[in-house]
Each structure stands twice: as structure tokens, then as C-alpha cells.
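Worksheet for the structure shown next.
The values are calculated or read from the model by the stated rules, or taken from the named source; none is laboratory data. Source: prediction; values computed, not measured. Glycine gets a Cβ as well: all are built from the backbone with ideal geometry, and neighbour counts include every protein chain shown.
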């Protein structure tokens, strides 16, 4: 029984890792197919399938916006990314 639980944990970790490192276009396509399959099987309604596809297509952390622009790194605020670096006054520590 313990081996089965460990095997399920390892399998889920492998699936998560594979999903996380898929290219974004593949991840969106697979998410749409999984959601459509759940709808056809009667597991979710059409609205639920759309929400499921949107949820699965997202990626956590950096890479969620599918670009390497400075706006992505700053949390999507393009005005801060276009301003450039800001100056911080130096303070003397004793």
C-alpha cells in the first residue's frame, strides 16, 4: 500500500513537471482538449469546461504572460518598465 501511494506521488510530480515545462502553445492546446474531453464525458458543463481550459493554460510565476518583456518581469505594469531604473538616495550607516 505504501509503495502505491509513493508511486502516485511520484507520478503526479512527473506530470506537473512535464506540464510546467511544456511550451505555452502546447499547454493551451492540451488544456483545451482536456476541458473538451471533460465536457464530452459529462464531468463539467460548457462554462466549467471554459474555466477549466483557462485555468490549465496558465503557468505560475514568470512565464505566465508568454513573453520575456520587461513589462512581464515588473508584474505587467508597462509604465514602470518604460521609465527605466529609479535612483535611490544613499544613506550612511554607522
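Summary of computed values
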| quantity | calculated |
| --- | --- |
| Segment 38-53 residues that are on the phi < 0 side of the Ramachandran plot, paired with ones that are loosely packed, with under 11 Cβ neighbours inside 10 Å and at pLDDT 80 or above (beta carbon under 7 Å, 6 or more apart) | 39/46 |
| Residues of segment 37-73 that turn out to be over 16 Å from residue 16 (Cβ atoms), modelled with pLDDT of 60 or more and outside any loop (DSSP other than H, G, I, E, B), as a count | 13 |
